Amino acid sequence: QVQLVESGGGLVQAGGSLRLSCAASGRFFSINAMRWYRQAPGKQRELVAAVTSGGNTDYADSVNGRFTISRDSAMLTVHLQMNSLKPEDTAVYYCNANVRRGLLTSGDDYWGQGTQVTVSS
């Protein structure tokens, strides 16, 4: 089993900052990539940022230059530093990990429970 636990959400004024964290635990071989998604009320879940085990990162256009994704060397914890927050960043943020359970297996996706981020105007 793989568990992802998010933390760091909350309420912040526009222009402020928040830092989300996601910690992975359980029995697995390796993590290929970790991602942050978000889902606002009435909207589809969207990919916000991703980081691979090799350290490559990618961002949605809407957050590029404001958000930074990082990971620890063991790829067990990922952070999302969110600066210059806007009301439209309000959403539930979900951590996602693509995990290899064994050496001969491909990756499976696992999800955290989500953490609420609310940005007031």
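The values are calculated or read from the model by the stated rules, or taken from the named source; none is laboratory data. Quick caveat: nothing in here was measured; it's all calculated off a predicted structure. Heads up, the Cβs are rebuilt from the backbone with ideal geometry, glycines too, and the neighbour counts pull from every protein chain shown. Each accessible area value is taken on the protein alone, full model and side chains, heavy atoms only, with ligands, DNA and RNA left out. Shrake-Rupley method; radii C 1.70, N 1.55, O 1.52, S 1.80 Å.
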Among the residues of region 55-62, are any among the hydroxyl-bearing types (S, T, Y), open to solvent by less than 40 Å² (accessible area, probe 1.4 Å) and more than 16 Å from Q113 (Cα to Cα)? no
Somewhere in region 45-52, is a residue crowded, with 17+ Cβ neighbours inside 10 Å, within 14 Å of the chain's Cα centre (by Cα) and under 20 Å from R100 (Cβ atoms)? yes
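Condition first: of a type in the set (A, V, I, L, M) and in a loop (DSSP other than H, G, I, E, B). Now tell me which residues in region 40-63 satisfy that.
Across region 40-63, the qualifying residues are A40, A60, V63.
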For V99, which of the numbered conditions (1) surrounded by fewer than 19 Cβ atoms within 10 Å (Cβ to Cβ); (2) in contact with a Phe, Trp or Tyr (Cβ under 7 Å, 6 or more places away or on another chain); (3) farther than 22 Å from Q13 by Cβ fails to hold? (1)
Anything in region 20-29 that is surrounded by 14 or more Cβ atoms within 10 Å (Cβ to Cβ) and part of a strand (DSSP E or B)? List them, or say none. L20, S21, C22, A23, A24
Evaluate region 64-83: report whether one residue or more is in contact with a helix residue (DSSP H, G or I) (Cβ under 8 Å, 6 or more places away or on another chain), assigned to a strand (DSSP E or B), open to solvent by less than 60 Å² (accessible area, probe 1.4 Å) and of a type in the set (S, T, N, Q). no
